[in-house]
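The values are calculated or read from the model by the stated rules, or taken from the named source; none is laboratory data. All values reported here derive from a predicted model rather than from experimental measurement. Cβ: placed from backbone, ideal geometry, glycine included. Neighbour counts: every protein chain shown.
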Amino acid sequence: MRAVNSAADAVIDTELGVVLAAGALPGEEVRLRGVRKEGRVLRGQVEELRLASAERVEPPCPHASSCGGCPLSIATPTMERRIKQDLLERALADFAPRPAVEWVDAPSRDGYRTRARLHFRAERVGYRARRGAGLVDVTSCRVLVPTLAAALDQLREQANHFRGSGEISLALGAGGGAVVAIETRQMQPPAFYAALERMATEPGIAGISARVEGTAAARFGQVEPVVEGADGKNLRLASGGFAQAQEAINQQLVRYVAAQADVAGKRVLELYSGAGNMSVLLAAGAARFESVESSPSAVEAARENLRSRELPGKLVCGRAEGHAKGATIDVLVLDPPREGALAALEAALMRRPAKVVYVSCQPSTLGRDLGLLQRAGYALVAVSAFDMFPQTAHLESVVTLTRTI
């Protein structure tokens, strides 16, 4: 096989063409079975490992072969880093010469996740299977911070009261306790709510919310997720919304973005701004700050985060591509989802920012969007990689570009 993609699937050359398969590493020889077409790609399963890499290791988690959470737990940290660096280098390939990548390691490979999304079905609680719609009934999760690992244990104990299926979000809340948010389409029995109410009084639980689709949420305790922002103050998050999964690395990333943006006295636009994770630093000192975010609950949280810091700013709720146009700006900062930001970038570049700071979680769409920036006359001046998700192929990267024409 020749590479691993950003989903940690092996990219394997075969007589049938390129096949994607989970569970193989660069340099290994495998026998495949069940090769089939899924959409525009061929997928298969590893039936036999004929030649193993010297950098293959025994994963520490008993669920590693079935759970989709930590697909690179089979590789040494050194190989994992090479895989991620290769993905990022391919995204930057059209820039030559280009700056060296500054790498920021995670402080730990275990016990780092301060956010998690689980599922329940048939009185079981766990993660999605690596492929397909199955559910892995995890007995424990090594990558959760201790507070969330304890909350998972408590949820498993109460799962016999759950009916149907649904989604469970775990986050940190007031006082460092766990915040649990449950979403389901099935009506739940009284025992379900009684179990959650009891659980909300347990040590280590800040609050629990449960919502059946089409109804108001039941709330027990303090249900707002809260983390420490990059400025050292509490940062309110949107319940069940997006937030980075590792607090320590996130703070380093946000401080780096703010330093690269160098907003003092400048006109700043932030796209895909979420609950204000970066806004709280970008708005401080800017001559004018505006942000765009599509989630109403995230915008509400961002407004509260700026208000609590007495920071000014114009916060717009809407799609980035529909609200990126406007008056001239000095700095554009964006942190789009995996799909990238091509349409929003095209609109924002009409405002002729002198500097663009792009935070990416998907190297392939980053590479595509960088092509647009390069054609528009922007040069790549700095690149940093933040290992937010150890034991996976996911990578957060930050690229800084300046306008040359």
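Computed values, structure above
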{"item": "Residue in the range 281-296 that is surrounded by the fewest Cβ atoms within 10 Å (Cβ to Cβ), counting only those that are within 21 Å of residue 232 (Cα to Cα) and touching a Leu at 6+ places or on another chain (Cβ under 7 Å)", "result": "284"}
{"item": "Restricting the range 102-124 to residues that are of a type in the set (Phe, Trp, Tyr) and out of contact with any Gly (no Cβ under 9 Å at 6 or more places or on another chain), the residue that is farthest from residue 373 (Cα to Cα)", "result": "112"}
{"item": "Any hit, the range 174-184, residues being over 21 Å from the mean Cα position of the chain (by Cα), surrounded by fewer than 22 Cβ atoms within 10 Å (Cβ to Cβ) and part of a strand (DSSP E or B)", "result": "yes"}
{"item": "When residues of the range 339-377 are limited to those that are surrounded by fewer than 23 Cβ atoms within 10 Å (Cβ to Cβ) and of a type in the set (Ser, Thr, Tyr), the one farthest from residue 272 (Cα to Cα)", "result": "364"}
{"item": "Top-ranked residue of the range 140-154 - restricted to ones that are touching a Cys at 6+ places or on another chain (Cβ under 7 Å) and not charged (D, E, K, R), ranked as nearest to residue 182 (Cα to Cα)", "result": "152"}
{"item": "Count of the range 281-302 residues which are over 24 Å from residue 102 (Cα atoms) and outside any loop (DSSP other than H, G, I, E, B)", "result": "14"}
{"item": "Selection count, the range 69-101, where residues are of a type in the set (Ser, Thr, Tyr) and within 18 Å of residue 368 (Cβ to Cβ)", "result": "0"}
{"item": "Hits in the range 244-280 (condition: assigned to a loop (DSSP other than H, G, I, E, B) and within 15 Å of residue 304 (Cβ to Cβ))", "result": "273, 274, 275, 276, 277"}
{"item": "Within the range 1-110, strands (runs of 3 or more DSSP E) holding 2 or more residues that are more than 30 Å from residue 401 (Cβ to Cβ)", "result": "9-14, 17-22, 29-38, 41-51"}
{"item": "Members of the range 187-246 found to be under 30 Å from residue 396 (Cα atoms), aliphatic (A, V, I, L, M) and free of Cβ contacts under 8 Å to residues at least 40 places away in the same chain, listed by number", "result": "206, 208"}
{"item": "Whichever residue in the range 125-172 is free of Cβ contacts under 8 Å to residues at least 40 places away in the same chain and assigned to a strand (DSSP E or B) and, among such residues, is surrounded by the fewest Cβ atoms within 10 Å (Cβ to Cβ)", "result": "135"}
{"item": "So residue 122, is it surrounded by fewer than 16 Cβ atoms within 10 Å (Cβ to Cβ), hydrophobic (A, V, I, L, M, F, W, C) and in contact (Cβ under 8 Å) with a residue 60 or more places away in the chain", "result": "no"}
{"item": "Among the candidates 322, 326, 318, residue that is small (Gly, Ala, Ser), under 21 Å from the mean Cα position of the chain (by Cα) and surrounded by fewer than 18 Cβ atoms within 10 Å (Cβ to Cβ)", "result": "318"}
{"item": "Residue in the range 51-58 that is among the hydroxyl-bearing types (Ser, Thr, Tyr) and at pLDDT 95 or above present", "result": "yes"}
